[in-house]
Structure formats: C-alpha cells, structure tokens
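What follows draws every value from the coordinates through simple rules; no lab data is involved. Here the structure is a predicted model, which is why all the values come from computation and not from measurement. Cβ: placed from backbone, ideal geometry, glycine included. Neighbour counts: every protein chain shown.
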Amino acid sequence: MNDAAIYKTGYICGLVAFTTIMAYIIIRSMQITGSVNYPYQEQLIYSISTLMALAFLLEILALLYSVPTNKKIWSHAALLFALLYVVFITTSCIVEFTVIIPAKVQGEIQNIPFLKQYTRPIFRFIDAIAYICMGISTFFSHLALHKIGFQHITRILLLIHSCTTPLIMFMCIYPDYSSNLLVLVLPWAVTAPAALLSLAIVFRRKYITEIPNHRYVHKDLN
C-alpha cells in the first residue's frame, strides 16, 4: 500500500471514528433522558460501539504505517492495545445482541441472571478492560507523533484523552451502576472525539503535503 492510500485510510477511518463517537454520545444522552425506548437504545449503542472500535483500529493501523522507523515501537504498541480494545468491546456487544437483549425483550432475563449486564459484574469488567485498552492505545499513539506543528497539538489531545481512562474504569466497575454515573465520563465525551478527529486531520495534512501529485502545494508542517 502506498503512502497516499495509507493517509486516505487513516483520514477516512478517523472521520468514521469521530462520527460514531459523537453518535454514541448522543444516544447515551438520549438514554439518560428516556428519549429512546428499549431495546432500540441498546441496539443503537452496541451497533455504534462496534463500528467505532473497528474504525479506531484501522486509524491506528494507518498510524503504524505512516510513522518513521524510530517511532514504530510506539505505533506498534498502540495497535496491539487497539486490537485488544476491539476484541473486548465486540465480545460484549455480540453477547448483548445475541443473548441479553432478546432475553430481556422476551421477559426471560431472570433465567440467565449471570449474563445480565449492570447487575452482574462480568460484562462491566469486560467493558472496563476494553476502554482501558483504548486509553493505553491513545497514550502510545501520542508517543508516535512528532512534537512540532499540528502533530504536537494532536499529541496533547491523545495524551489528555488517555488520562480520562480511570473515569471510564470507575464507571464500569462501580458496584451500584446507574445511568447517573455517565456524568463521570463527560471529559471522555470531549477528549475522545477531539483526539480522533485531530489524528484524522494529521493524515489529511500528510496527504496534502507529502503526495507529489496532489493538486495542493503546501510546506510540510509535519
């Protein structure tokens, strides 16, 4: 894959990750206010979560191929934790779709109490591990970028986002879970879309400045 394809992939997947995160935040807000009825709110949340995770993984994969050799150790680490994030979050989403939501709709959830999310800890722990892995991935991603130009801004946003990980972890593992706890992750709702959109813009700027046949001519700001 040439550099142009890598940058385009990173940019497009970054935009998808940003869009799905914003959609996730909106649906979660609607869940708190009761604007969306069950099970549609859950179906939307887990569908968006899956798409968001896959887009994030591909954005980090593009980062791996776009950084210089001396930065690849960090981009490799970011990719490994992004992959773990995808594995854990999709596991939770698949179980929700195939087991828990149908059981709740049919009124049979009491027959499988060990699978009921938010009353038993197992899937909340899986969600916690998933978002911890995402936070670690963004931490290593910030190390893969340069400390100059727009990349420096993106580094800061990725680092700040990684620092919100303990809030997600606390929300997921808190024994008495309720929708009110979602207020704790408001910082995450700001830093996640900002960081991933900023990373997408890095790919766009690389495409503009480093691809010879691009119709724009700019000084390399990276």
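Counting other Cβ atoms within 10 Å as a rough exposure proxy, the listed residues LEU57, LEU196 run LEU57, LEU196 from fewest neighbours to most. With a cut-off of 13 Å between beta carbons, the residues surrounding ILE12 carry a summed charge of +1, where Lys and Arg count +1 and Asp and Glu -1. The relative contact order of the range 3-210, computed from alpha carbon pairs under 8 Å that lie at least 6 residues apart in sequence, is 28 percent.
Of PHE81, PHE56, PHE18, PHE125, how do they rank once you tally other Cβ atoms within 10 Å and put the fewest first? Before the final figure, lay out each step's value.
Numbers: PHE81 20, PHE56 27, PHE18 24, PHE125 15.
Lowest count first: PHE125, PHE81, PHE18, PHE56.
On a per residue basis, the convex hull of the C-alpha atoms belonging to the range 1-101 measures out at 94 Å³. What separates the Cα centres of the range 53-91 and the range 128-152 is a distance of 10 Å.
Label separation (LYS71 vs ILE94): 3.4 nm, computed from points 7 Å beyond Cα along the C-beta direction.
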